[in-house]
1. Among the lysines, which have Cα under 20 Å from the Cα of residue 168 when same-chain residues fewer than 8 positions away are ignored?
2. Remind me, relative contact order of the chain in percent, using alpha carbon pairs under 8 angstrom and six or more residues apart?
3. If you filter segment 160-213 for chymotrypsin sites (Phe, Trp or Tyr not before Pro), then keep DSSP loop positions with at most 11 other Cβ within 10 Å, what is left?
4. Only counting other Cβ atoms within 10 Å, I'd like 105, 187 sorted with the fewest neighbours first.
5. Assuming a viscosity of 0.692 mPa s and a temperature of 37 °C, what translational diffusion coefficient in µm² per second does Stokes-Einstein assign to the chain, Rh being the Kirkwood radius over Cα pairs?
6. Which order do 72, 82 fall in if you start with the one that has the fewest other Cβ atoms within 10 Å?
7. Pull out the extension gain between residue 8 and residue 177, defined as 0.36 nm times the separation in residues minus the alpha carbon to alpha carbon distance; nm, one decimal.
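Values in this text are rule-based calculations from the coordinates and carry no lab data. Since this is a predicted model, take the numbers as computed values, not measurements. In this analysis, Cβ positions are derived from the backbone assuming ideal geometry, glycine residues included, and neighbour counts consider all displayed protein chains.
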Amino acid sequence: MSNSGPARIPRHVAIIMDGNGRWARQRGLPRLEGHRRGVETVRTVVDAARELGIRCLTLYAFSAENWKRPGDEVSGLMGLLDLFLKRELDNLIKEKVRLRTIGRTDALPANVQRELARVQEATRRFTEWNLVLALNYGAQSEAADAARAYAEAVLAGREKPAELTWEKFSRYLSTADLPEPDLLIRTSGELRLSNFLMLQLAYAELVFTPVLWPDFGRADLVAAVEEYGRRERRYGATTEQIKAGAR
Ligand code: FPP
């Protein structure tokens, strides 16, 4: 990497933060300790992303399927989230980062919902940097919610099915005013999307790293962004067309 950093910076990076449990098991520690270290990585990566010029960072913090985990792990994760929001508020304001969420946050514990509302309200005026937490998020239920909202708009006479395009439909998704992710990173060597942003990732570059999330650092983010910079994004066109300047 040169002093100036990677040449091509993705506008939006989405991350599946995986491997906290294995990190803990390898050290004979409780799983929650892995999640605690995972929260420290979140802080490191939010800072590093901003330094690199990544304007939008979406983190898969709790999937709609994660409720299946043992009750003490779920409540431990909710506690960490609550603590994270309390601790990060001042930093987010100082760094001018807007916090947003995607997912059905109304099912989260009341204290977490309260903190989320407080941090979102306090950062809503910022436009340059976005940190999006996917909480109780699942792409399939997001698609179902969007289809329902669209159908209601049709019934109310605000939409015409014959005029439906992806651009129009995407306004019904929870990511409506965010750019689609350019780069998806998944840590811990798993090669799955796990119901994360499946429609929005249609043209994203996918980078899988064996590094476990608690061990993921600035250098790993830079390496993923450099890998992104080496990929040719063709969006269905040919290499020749891309070289000639077509999208
Ligand atoms: C996957 O590791 C990680 C999660 C399910 C939770 C991710 C949550 C955090 C990093 C902390 C909370 C986030 C914020 C933003 C405060 P895993 O438990 O599935 O690991 P394993 O596959 O090795 O068991």
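1. Of all the lysines, those that pass the test against residue 168 - Cα under 20 Å, at least 8 places apart if same chain - are 160.
2. Reported as a whole number, the value is 28 percent.
3. When the chymotrypsin sites (Phe, Trp or Tyr not before Pro) of segment 160-213 are filtered for loop state and at most 11 Cβ neighbours within 10 Å, nothing remains.
4. Values: 105 19, 187 26.
Ordered from fewest to most neighbouring Cβ atoms within 10 Å, 105, 187 come out as 105, 187.
5. Calculated translational D: 170 µm²/s.
6. Numbers: 72 11, 82 18.
Ranking 72, 82 by Cβ neighbours within 10 Å, fewest first, gives 72, 82.
7. Values: separation 169, 0.36 × 169 = 60.84 nm, distance 2.25 nm.
Taking residue 8 through residue 177 to full extension adds about 58.6 nm, to one decimal.
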